[in-house]
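Below: the structure, in structure tokens.
Laboratory data are not the source of any read-out in this text; all were calculated from the coordinates shown. Computed from a prediction, not measured in an experiment: that's the story for all the values here. When we count neighbours, we look across all protein chains shown, and the Cβ atoms used for this are built from the backbone with ideal geometry, even at glycine.
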Amino acid sequence: MSSPETTILTFEAARLLVEEHAKSLRPKGRELLSLLDADGRVLAEPVHADRDIPPFPRTTRDGYALKASDLQNIPASLEVIGEIKAGATSNDIPPLQSGQAVAIMTGAAVPGGADAVLMIEYSSRSGDRIEVTRSISAGENIVPTGAEGRRGDLLLSPGTRLDYARVSVAAAVGRSRVVVHARPKVAVLSTGDEIVDVDVPPGPNQIRNSNTYSLAAQVNAAGGEAVLLPIAPDEPARLRELIAEAFDCNLLLIAGGVSMGKYDLVEQELAALKAEFFFTGAKIQPGKPVVFGRVPCGAGAPARESGEGRSKYFFGLPGNPVSTMVTFQLFAKPLVHALAGAQPQPLVFLHAKLKKTIQTKTGLKRFLPAEFSGAFESAEVELMPWQGSGDIATISRSNCFLVIPPDRERMEAGEWVPVLLR
């Protein structure tokens, strides 16, 4: 049984190809959840303003509501005719006349006749009069009615992932429950005779199955629901059986078995299922042997659609643990986002000042474990010493990947370099 033709792309070409396929995917299923249970999920319905926001002219400062025209000549003396706190009505206070002011608290409704709010710091009060030492303009320190949104305005669109700010918006318009997309089921399959379950004592030449658990954590964090499959041995029939079982899910992630070794069987078994391979490698380190493709339904995959067309997508991720983590972050994550209902987003790198000069080889785009540090506007990054793509201890201590372009052999201390937070 033959493996597919080798197609190795640059990082950018591979990433853009994944993003294009992600755009064709559609989420399956919806759920009605309480607002806090929906935090982190993707909206499946629009959220509109149920009234003007704010519903009244709102002050942004503690101070005095007044007419700005009364402060053309400074200092000025005004009569205080009342007080309004946040949540209180201003109906009991008649419209302000020239020479009058109303004490007002942040968030309160500005009374009729007032067109500005003077901050309390620019006044001194004695009895029912204030002395003002600063002029202001009409509209100062007031948010007009409807300035943040008019009744019926679209505030949150379907496909928006809820976070604390968006939860706040939904709560502000009275939405205690919202409809969200269901989490996509993502099958996670680790391969190799050298792998044993985490609760099994490993033999002298075996390792515990960390890949399944790291991938499951990444899937769940990206908005999916990881489905953990048994470890696939280096035996074609059982591997084929587990791959077919995995296609009951929306997406398949296979860790290991995609390199050039005698017992790397994943690609040939996928090829037997008439898989279409979009690429069989990317010019990156770690993770060069990453594979991306899809299997048509009816060729071992259930006859349910996962997106545009009747097919199921898969990634074959290199088995070295750091390679597995990096390739999920770079390539698989956009598909999980899309299946969860979110719009695919381009990958954006931050920049930080390199603390120490580094030297490397050209030819591959490198994503190496590093420490992002500094304070406030002074961001720094330093490459961490590591022992290659099996070094999970170092990756666990890192907080980012230093991104090294394929044409750079040396990067000097003090350079601003690209960084991918993890």
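Could you let me know the centre-to-centre spacing of the range 191-222 and the range 19-52, using Cα atoms, in angstrom?
33
What full-extension length gain, to one decimal in nm, is calculated for residue 399 and residue 206 as 0.36 nm per residue of separation minus the Cα-Cα distance?
Numbers: separation 193, 0.36 × 193 = 69.48 nm, distance 2.83 nm.
Taking residue 399 through residue 206 to full extension adds about 66.6 nm, to one decimal.
How many nm separate the modelled label positions at residue 150 and residue 81, each set 7 Å beyond the Cα in the direction of the Cβ?
Roughly 3.2 nm, to one decimal.
Rg and Dmax of the range 373-418 over Cα atoms: what are they, in angstrom?
That works out to 12.2, 34 Å for Rg and Dmax.
Given the C-alpha centroids of the range 53-82 and the range 159-183, what is the distance between them in whole angstrom?
Between the Cα centres of the range 53-82 and the range 159-183 lies a distance of 36 Å.
Taking the chain on its own, what percent of its Cα-Cα pair distances exceed 30 Å? Let's see the in-between values first.
Working: 51181 of 88831 pairs.
Tail fraction, whole percent: 58.
What is the list of residues in the range 323-342 whose amide nitrogen lies under 20 Å from a point 7 angstrom out from the Cα of residue 213, following Cα to Cβ?
The answer is 323-329, whose backbone nitrogens lie closer than 20 Å to the label point.
I'd like the projected area of the range 129-228, averaged over all directions, using the convex hull of its alpha carbons. Report it in nm² with one decimal.
Details: hull surface 58.6 nm².
Orientation-averaged projected area of the Cα hull: 14.6 nm².
Given a Förster distance of 35 Å, report the FRET efficiency between residue 274 and residue 225 from their Cβ-Cβ distance, rounded to the nearest 0.05.
Working: r = 27 Å, r/R0 = 0.78.
Result of the calculation: an efficiency of 0.80.
State, to one decimal in nm², a quarter of the convex hull surface area for the C-alpha atoms of the range 8-164, i.e. the direction-averaged projected area. Don't skip to the end; give the middle numbers.
Details: hull surface 60.7 nm².
Hull-based average projected area comes out at 15.2 nm².
Compute the distance in nm between two label points, each set 7 Å from the Cα along the Cα-to-Cβ direction, one at residue 415 and one at residue 26.
Using points 7 Å along Cα→Cβ, the separation is 4.7 nm.
In deg cm²/dmol and to the nearest 500, what is the mean residue ellipticity at 222 nm of the chain if only DSSP H runs of at least 4 residues count, each as -39500 (n - 2.57), divided by the residue total? Show your work: numbers first, answer last.
On the way: 8 runs with 72 residues, N = 422.
Result for the chain, helices only: -5000 deg cm²/dmol.
State, to one decimal in nm², a quarter of the convex hull surface area for the C-alpha atoms of the range 319-405, i.e. the direction-averaged projected area. Mind showing how you got there, number by number?
Values: hull surface 28.6 nm².
If you wrap the Cα atoms of the range 319-405 in a convex hull and average its projections, you get 7.1 nm².
Please figure out what share of the DSSP beta bridges in the range 11-119 is antiparallel and state it in percent, rounded to the nearest 5.
Working: 9 of 13 bridges.
Beta bridges within the range 11-119, antiparallel portion: roughly 70 percent.
Using a basic spin-label model with each label point 7 Å from the Cα along Cα→Cβ, how many nm lie between residue 48 and residue 157?
1.7
Rounded to a whole number of µm²/s, how large is the Stokes-Einstein D of the range 133-190 at 10 °C and 1.306 mPa s, given Rh as the Kirkwood radius over C-alpha pairs?
Details: Rh = 15.6 Å.
It diffuses with D of about 102 µm²/s by this estimate.
Stretched out fully, how many nm does the piece from residue 193 to residue 377 gain, at 0.36 nm a residue minus the Cα gap? Before the final figure, lay out each step's value.
Values: separation 184, 0.36 × 184 = 66.24 nm, distance 4.87 nm.
Full extension of this stretch gives 61.4 nm more.
Note the angle between two axes, namely the Cα long axis of helix 210-221 and the longest principal axis of the Cα atoms of the chain, as a number of degrees from 0 to 90, rounded to the nearest 10.
For 210-221 against the chain, the angle is about 30 degrees.
Would you please classify the overall shape of the range 203-268 from the alpha carbon gyration tensor, given that a ≥ b ≥ c denote the square roots of the eigenvalues, rounded means a/c under 1.5, and beyond that prolate means a/b larger than b/c while oblate covers the rest? It would help to have the intermediate numbers written out before the result.
Numbers: a/c = 1.99, a/b = 1.31, b/c = 1.51.
In terms of gyration-tensor shape, oblate.
For a quick size check, give me the Cα extents of the range 179-236 along its three principal axes, largest first, whole Å.
The Cα atoms of the range 179-236 stretch 50, 24, 13 Å along their principal axes.
For the range 273-422, report the % of Cα-Cα distances exceeding 25 Å.
Numbers: 4221 of 11175 pairs.
Value for the range 273-422: 38 percent of Cα pairs lie more than 25 Å apart.
Using DSSP, restrict attention to beta bridges with both residues in the chain and report what percent are antiparallel, rounded to the nearest 5. If you can, show how the numbers build up before the last one.
Working: 60 of 88 bridges.
So the antiparallel bridges in the chain amount to around 70 percent.
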